[in-house]
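Engineer: Let me begin by handing over the structure; questions about it come next.
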Amino acid sequence: MLVSAKDMLNKAKAGKYAVGQFNINNLEWTKAVLLTAQENNSPVILGVSEGAGKYMGGYKTIVGMVNGLMEELKITVPVALHLDHGSFEGAHKCIEAGFSSVMFDGSHYPIAENIEKTKSLVETCGKLGLSLEAEVGSIGGEEDGVVGAGECADPDECKAIADLGVTMLAAGIGNIHGKYPANWAGLSFDTLAAVSEKTGDMPLVLHGGTGIPEDMIKKAISLGVAKINVNTECQLSFAEATRKYIESGKDLEGKGFDPRKLLAPGFEAIKATVKEKMELFGSVNQA
Ligand code: G3H
Ligand code: ZN
């Protein structure tokens with residue numbers, strides 16, 4: 001059964017580790033993430049962007065697929081199904097479809113409007129026992145059409161949003177979606193420390209988890225990050241493994257063109273990436 005992300009994130013914050021959110025794109029992605037979580041006895045959050053939601057045939061299709069896989073694969077670790085960078089309308093659609101967690105990304109609104117919309121969702125999610133992520137500041141780069149300027153969050157605005165009763169808070173701290181450019185200045189730990197101090201026990205979320213050096217990940221966790229989002233890195237692993245398979249000509253041998261064979265190396269590559277991240281984030285054996 002899908003669960004809210006609340007308990008797993010509060011436990012992670014207290015235990016000084018982070019739970020990974022891995023974005024899903026199709027059946028193979030979802031199965032790879034779920035099996036890796038089970039094999040490593042780790043809690044996990046499946047992230048779905050609005051774009052990926054449309055691609056997979058709609059939110060109800062995703063809920064059906066995830067629930068079915070969890071039952072058939074006997075997944076017993078805590079799993080939250082979470083809307084990633086959702087609009088206000090998208091959050092409501094996911095709630096209706098049966099997601100156990102949503103992110104409302106109101107970071108592009110003036111802070112008063114972000115507060116007002118987040119507050120309304122706190123009430124809705126609270127009544128239904130669902131977890132809610134809010135965002136202050138912005139994540140640089142672009143993810144599925146969501147573009148951010150990359151401005152660091154104002155710690156007082158973070159406190160105002162945290163005090164509404166959200167489950168987790170994403171604060172822009174110089175993090176970027178996609179690959180980090182060679183001249184990236186790194187995470188702003190001063191901002192993270194200030195946000196952490198203002199928001200107390202609130203689990204903080206680090207977006208743009210792809211390519212952040214290990215020492216920065218560990219420092220971020222020590223400063224209150226309890227959820228780390230990874231998307232691009234699984235896509236890169238999948239693409240590289242699939243390219244190798246095609247370039248080796250294996251799809252031309254026997255039944256090597258069968259999608260169950262052609263997608264297998266990419267599936268294994270996603271599993272390896274997810275396992276590596278779970279070990280780095282410290283969530284292994286925390287289910
Ligand atoms: O919301 C999802 C993420 O923040 C993932 O970022 O694609 O850079 O790993 P990434
Ligand atoms: Zn993100």
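Please treat every number below as a calculation from the coordinates, not as lab data. As the structure is a prediction and not an experimental result, all values here were calculated from the model. Positions of Cβ are backbone-derived with ideal geometry, glycine not excepted, and every protein chain shown enters the neighbour counts.
Engineer: Counting only residues 5 or more places away or on other chains, whose amide H sits under 5 Å from the amide H of GLY20 once H atoms are built in the peptide plane?
Structural biologist: Residues meeting the criterion, in which the H sits 1.01 Å from N, are ILE45, ILE228.
Engineer: Have a look at the DSSP beta bridges in the chain and tell me what percent are antiparallel, nearest 5.
Structural biologist: Here the antiparallel bridges make up roughly 10 percent for the chain.
Engineer: Under 11 Å from a label point 7 Å along Cα→Cβ of PHE88: give me every residue in region 98-123 with its amide N that close.
Structural biologist: Taking a point 7 Å out along Cα→Cβ of PHE88, the residues of region 98-123 whose backbone N falls under 11 Å are 106, 109-110, 113-121.
Engineer: Sticking with the crude label model, points 7 Å out along Cα→Cβ, report the distance from ASN183 to GLU39 in nm, one decimal please.
Structural biologist: 4.1 nm
Engineer: Does region 225-284 come out rounded, prolate or oblate by the C-alpha gyration tensor, with a ≥ b ≥ c the root eigenvalues, rounded set by a/c under 1.5 and, if not, prolate when a/b is larger than b/c and oblate if not?
Structural biologist: prolate
Engineer: How long are the three semi-axes of the equivalent ellipsoid for the chain, computed from the Cα gyration tensor as the root of 5 times each eigenvalue, in whole Å, largest first?
Structural biologist: One finds semi-axes of 30, 21, 18 Å for the chain.
Engineer: The chain: longest stretch without exposed GluC sites (Glu not before Pro) (DSSP loop, at most 15 other Cβ within 10 Å), sites themselves excluded?
Structural biologist: 1-150
Engineer: Among VAL102, ASN229, PRO265, flag the residue with its Cα farthest along the positive direction of the charge dipole of the chain, charges on Cβ as +1 for Lys/Arg and -1 for Asp/Glu.
Structural biologist: Selected residue: PRO265.
Engineer: Any chance you could run the full-extension gain for GLU142 through MET216? It's 0.36 nm times the residue separation minus the Cα-Cα distance, nm to one decimal.
Structural biologist: Extra length from GLU142 to MET216 when fully extended: 24.5 nm.
Engineer: Another one. Quote to one decimal, in nm, the extra length available between ASN10 and GLU72 on full extension: 0.36 nm per residue of separation minus the C-alpha distance between them.
Structural biologist: Full extension of this stretch gives 19.5 nm more.
Engineer: Say R0 is 45 Å: what FRET efficiency, to the nearest 0.05, do GLU276 and ALA149 get from their beta-carbon distance?
Structural biologist: Approximately 0.90, to the nearest 0.05.
Engineer: So for region 6-232, averaging the separation of alpha carbon pairs under 8 Å that are six or more residues apart and normalising by length, what relative contact order in percent results?
Structural biologist: 20 percent
Engineer: Pop the C-beta distance of ASP190 and ASP251 into the FRET formula with R0 = 41 Å and round what comes out to the nearest 0.05.
Structural biologist: Result of the calculation: an efficiency of 0.20.
Engineer: Taking the number of other C-beta atoms within 10 Å as the exposure measure, put LYS261, LYS255, LYS6 in order starting with the fewest.
Structural biologist: Final ranking by Cβ density, sparse to dense: LYS255, LYS261, LYS6.
Engineer: Fully extended, how many nm does the chain gain between GLU197 and HIS108 (0.36 nm per residue separation, minus their Cα-Cα distance)?
Structural biologist: 29.7 nm
Engineer: Now, a different point. Tell me the trypsin sites (Lys or Arg not before Pro) within region 69-127 that lie in a loop according to DSSP and have at most 12 other beta-carbon atoms within 10 Å.
Structural biologist: LYS74
Engineer: Moving on to the next point. Using Cβ contacts closer than 10 Å as the measure, can you line up THR273, THR167, THR191 from fewest to most?
Structural biologist: THR191, THR273, THR167
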